[in-house]
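Peer 1: Questions regarding the structure given below will be posed in turn.
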Amino acid sequence: MLRATARATARPALRRLFVGAAASVAAVGSFAAVPSPAYARADAAALPSPAGGPDRDHLTVTVRDAGGGTDGTYELYCDPAGGSHPDPRGACATLQRDTRWGQDLFAPAPEGGFCTMQYGGPATAHVTGTWAGRPVDATYDRRDGCGIARWDRLVPLLPDMKAEGAAGKG
């Protein structure tokens, strides 16, 4: 009879242990179920961005040797999209789509990376200003596969060299 009493008192303790562990696993699982871009968007939505205020995203894009009438200096404003850029809505949408918390959208290609030895033409671009509350000062070229991929990732902020057909081949 003593054995049955010990078993009966141990069951509630085990049940509490298992229920507590299951609740902990469920809580941690709910955090993992939300993709990290959702966190970035939630944080971006919380940041003040008045339509004409000082926190408004603003970039200056200078393009050289791209051909096809795309050379020049363009101003881009986002939220709302505007400026002298040829496609402000498309450029802002591309930047917003690729913005991730903790990552620099304008970072150069990693040093020592493996890049294909292809030449994408003489086009260069320089982007300065402010994006997502951070200063931007980035240079782009198409001298190898990494540079081409980095450039193409930001089309239409930068001209689409495939569409131009000019300096994109070589």
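The values are calculated or read from the model by the stated rules, or taken from the named source; none is laboratory data. Source: prediction; values computed, not measured. Here Cβ is always computed from backbone atoms with ideal geometry, including for glycine, and neighbour counts include all displayed protein chains. For accessibility, only protein heavy atoms count, side chains too; no ligands or nucleic acids. Shrake-Rupley method; radii C 1.70, N 1.55, O 1.52, S 1.80 Å.
Peer 1: How much accessible area per residue does region 66-170 have, counting only protein heavy atoms and a probe of 1.4 Å, in square angstrom?
Peer 2: Working: 5870 Å² over 105 residues.
Here the per-residue accessible area is 56 Å².
Peer 1: If you don't mind, there's one more thing I want to ask. Give the peptides 113-119, 77-83, 102-108 in descending order of average Cβ contacts within 10 Å, highest first.
Peer 2: Answer by packing, highest mean first, reads 77-83, 102-108, 113-119.
Peer 1: How many nm is it between the label spots at Ala107 and Arg89, if each spot is 7 Å from the Cα in line with the beta carbon?
Peer 2: Inter-label distance under the simple model: 3.2 nm.
Peer 1: Next question. Using the basic label-point model (7 angstrom from Cα toward the beta carbon), what is the Asp65 to Arg153 distance in nanometres?
Peer 2: Spacing of the two 7 Å Cα→Cβ label points: 2.3 nm.
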